[in-house]
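Novice: Have a look at this one before I ask anything.
The values are calculated or read from the model by the stated rules, or taken from the named source; none is laboratory data. What you are looking at is a predicted structure, and each value in this text was computed from that prediction instead of being measured. Cβ sites come from the backbone with ideal geometry, for glycine too, and all protein chains shown count toward neighbours.
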Amino acid sequence: VFNHLVRAPEDPILGVTVAYNKDPSPVKLNLGVGAYRTEEGKPLVLNVVRKVEQQLINDLSRNKEYIPIVGLADFNKLSAKLIFGADSPAIQENRVTTVQCLSGTGSLRVGGEFLAKHYHQRTIYLPTPTWGNHPKVFNLAGLSVQTYRYYAPATLGLDFEGLLEDLGSAPSGSIVLLHACAHNPTGVDPTLEQWEQIRQLIRSKALLPFFDSAYQGFASGSLDADAQPVRLFVADGGELLVAQSYAKNLGLYGERVGALSIVCKSADVASRVESQLKLVIRPMYSSPPIHGASIVAAILKDSDLFNEWTIELKGMADRIISMRQQLFDALRSRGTPGDWSHIIKQIGMFTFTGLNAKQVSFMTNEYHIYMTSDGRISMAGLSSKTVPLLADAIHAAVTG
Ligand code: PMP
């Protein structure tokens with residue numbers, strides 16, 4: 001009965017790893033997927049995570065019963081505090097509902113389905129470019145996807161005029177997806193002053209902001225600094241949604257742990273919103289998994305563990321920042337044509353190199369370096385040892 005099926009293409013991002021795995025070359029380098037690697041090129045489990053996992057295993061009072069549809073209560077409360085700040089008026093006034101979801105993707109999907117069902121406007125505006133999964137997630141959630149200008153290839157920076165123009169002409173009430181920090185794939189974020197202008201425009205047009213926060217702490221190394229754009233919008237008392245992921249900042253990729261928060265106008269509305277979120281989640285996967293959320297809750301709850309986390313997180317962010325400098329210096333010293341200062345200016349896990357699809361495929365074929373065809377490289381996949389190879393490859397691609 002499935003004979004008629006055509007083979008679906010690989011996911012454009014995960015497909016990079018599939019191709020990488022097939023390459024027998026000993027020098028191959030995978031800069032496709034956005035996952036942190038150590039200087040030795042190995043995946044990293046944070047010490048604080050290992051420690052908490054030991055405690056959880058040794059605690060014989062724990063069981064593996066189903067948790068509620070909305071997830072662990074502690075986890076939800078502490079996740080809201082992490083993104084909105086301990087002194088957030090929205091939290092104090094109980095205007096926030098937070099539900100544990102399957103990492104960032106699941107949080108976006110649950111939020112999208114909730115909006116498609118209950119919000120009067122079904123159009124969501126995504127930045128161009130954006131994470132490749134965004135349009136698919138929101139389309140399948142039942143929203144119609146539009147785009148707003150974000151990145152200016154000519155300057156390798158923010159197209160702020162274009163952004164204001166496009167959001168300014170979006171129909172009133174439209175949903176706007178905003179990357180909270182460390183924009184993927186460009187690494188280009190608005191300044192706080194620009195965020196303030198975006199906020200004013202969004203509020204004056206009654207647009208609904210939906211933040212995707214997949215990299216809190218990864219951009220600057222500070223959890224609070226990276227949450228500033230979101231907090232700016234919460235401070236004005238207006239409504240918004242936030243999807244949080246603990247994949248990157250706690251290295252919990254495969255545990256699929258994240259949260260969706262919806263900030264409402266009143267505590268009463270928030271509790272009705274939560275009741276409807278349950279109706280979205282129950283037929284989708286019943287209830288979320290317990291393990292990852294227990295780890296996160298334990299770390300967020302305990303000030304010593306929390307401090308340990310912030311130190312390890314800063315270590316990851318700093319290593320990425322140092323990779324930026326090393327790659328920039330390596331290109332400079334080779335005299336590679338072009339202004340590569342965007343490598344050190346861009347923020348977060350990725351550099352949007354400006355290399356085109358032809359140059360990317362040259363680098364893959366000749367140098368066994370794998371990345372997405374839009375020229376995005378994961379700085380977290382680089383090390384001092386591999387920077388020279390990448391710089392050689394870029395030099396050859398640009399001058400060849
Ligand atoms: N949003 C953005 C912008 C991302 O880059 C990612 C991860 N690549 C996600 C959401 C979701 O990741 P996850 O579902 O693994 O938390």
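Novice: With surrounded by fewer than 22 Cβ atoms within 10 Å (Cβ to Cβ) and closer than 24 Å to H118 by Cβ as the only criterion, which of V273, V234, V230 stands out?
Specialist: V273 is the lone residue from the list that is surrounded by fewer than 22 Cβ atoms within 10 Å (Cβ to Cβ) and closer than 24 Å to H118 by Cβ.
Novice: Shifting gears a bit: Please enumerate the residues belonging to the range 120-146 that are in a loop (DSSP other than H, G, I, E, B) and either of a type in the set (S, T, Y) or crowded, with 21+ Cβ neighbours inside 10 Å (or both). Quick ask: steps written out before the conclusion?
Specialist: Just the residues of the range 120-146 that are in a loop (DSSP other than H, G, I, E, B), to begin with: 120-122, 129-133, 142-143.
The answer is T130, W131, L143.
Novice: Go through the range 349-366 and give me each residue that's out of contact with any Ser or Thr (no Cβ under 9 Å at 6 or more places or on another chain) and either crowded, with 18+ Cβ neighbours inside 10 Å or touching a residue at least 12 places away in the same chain (Cβ under 8 Å) (or both).
Specialist: Step one: list which residues in the range 349-366 are out of contact with any Ser or Thr (no Cβ under 9 Å at 6 or more places or on another chain), which gives 353-355, 358, 362-366.
Of everything in the range 349-366, those that are out of contact with any Ser or Thr (no Cβ under 9 Å at 6 or more places or on another chain) and either crowded, with 18+ Cβ neighbours inside 10 Å or touching a residue at least 12 places away in the same chain (Cβ under 8 Å) (or both) turn out to be T353, G354, L355, F362, M363, T364, E366.
Novice: Still on this structure, please answer the following. Confirm whether G104 is touching a residue at least 12 places away in the same chain (Cβ under 8 Å) and buried (at least 22 other Cβ atoms within 10 Å of the Cβ).
Specialist: Details: touching a residue at least 12 places away in the same chain (Cβ under 8 Å): yes; buried (at least 22 other Cβ atoms within 10 Å of the Cβ): yes.
Here the answer is yes, as G104 does meet what is asked.
Novice: Considering each of A243, A219, A214 in turn, give the residue that is assigned by TED's automatic domain parsing to the domain that holds L78, at pLDDT below 95 and within 16 Å of the ligand (Cβ to nearest atom). Break it down into steps so the answer makes sense when it comes.
Specialist: On the way: A243 fails: at pLDDT below 95; A214 fails: at pLDDT below 95.
After applying the criteria, what remains is A219.
Novice: Pick from the range 145-170 the residues that are more than 16 Å from the ligand (Cβ to nearest atom) and touching a Ser or Thr at 6+ places or on another chain (Cβ under 7 Å): which of them is nearest to G221 (Cα to Cα)?
Specialist: R149
Novice: Same structure, new question: For L31, only one of the following conditions fails: (1) under 23 Å from the mean Cα position of the chain (by Cα); (2) within 24 Å of G251 (Cβ to Cβ); (3) more than 16 Å from the ligand (Cβ to nearest atom); (4) surrounded by 11 or more Cβ atoms within 10 Å (Cβ to Cβ). What is its number?
Specialist: (3)
Novice: For the range 60-116, how many residues are more than 16 Å from the ligand (Cβ to nearest atom) and of a type in the set (V, I, T)?
Specialist: Taking the range 60-116 first, the residues more than 16 Å from the ligand (Cβ to nearest atom) are 60-70, 72-74, 76-78, 80-81, 84-97, 114-116.
With of a type in the set (V, I, T) added as a condition, the list becomes 67, 69-70, 91, 96-97.
Counting residues in the range 60-116 that are more than 16 Å from the ligand (Cβ to nearest atom) and of a type in the set (V, I, T) gives 6.
Novice: Follow-up question, since we're still on this one. Suppose we filter V176, V263, V188, V257 for residues that are buried (at least 22 other Cβ atoms within 10 Å of the Cβ) and more than 16 Å from the ligand (Cβ to nearest atom); which single one remains? Walk me through it before giving the result.
Specialist: On the way: V176 fails: more than 16 Å from the ligand (Cβ to nearest atom); V188 fails: more than 16 Å from the ligand (Cβ to nearest atom); V257 fails: more than 16 Å from the ligand (Cβ to nearest atom).
Selected residue: V263, the only one of V176, V263, V188, V257 that is buried (at least 22 other Cβ atoms within 10 Å of the Cβ) and more than 16 Å from the ligand (Cβ to nearest atom).
Table: residues versus (1) within 15 Å of the chain's Cα centre (by Cα); (2) in a strand (DSSP E or B).
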position	(1), (2)
S172	no, no
N184	yes, no
R199	no, no
F210	yes, yes
Y215	yes, no
V230	yes, no
V242	yes, yes
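Novice: For the range 90-133, which residues satisfy the criterion of being of a type in the set (K, R) and out of contact with any Cys (no Cβ under 6 Å at 6 or more places or on another chain)?
Specialist: Taking the range 90-133 as the starting set, the residues that turn out to be of a type in the set (K, R) are 95, 109, 117, 122.
R109, K117, R122 - these are the residues of the range 90-133 that are of a type in the set (K, R) and out of contact with any Cys (no Cβ under 6 Å at 6 or more places or on another chain).
Novice: For the range 9-117, please list each of the helices (runs of 4 or more DSSP H) lying entirely inside it that holds at least 2 residues being closer than 30 Å to V145 by Cβ.
Specialist: Working: elements: 14-22, 47-58, 73-84, 89-92.
Ranges flagged: 14-22, 73-84.
Novice: State which residue pairs qualify: first residue on the phi > 0 side of the Ramachandran plot and inside the range 233-253, second residue of a type in the set (F, W, Y) and part of a loop (DSSP other than H, G, I, E, B) in any location, beta carbons under 7 Å apart, and separation of 6 or more residues or different chains.
Specialist: That search, which allows pairs on different chains as well, returns G251/Y36.
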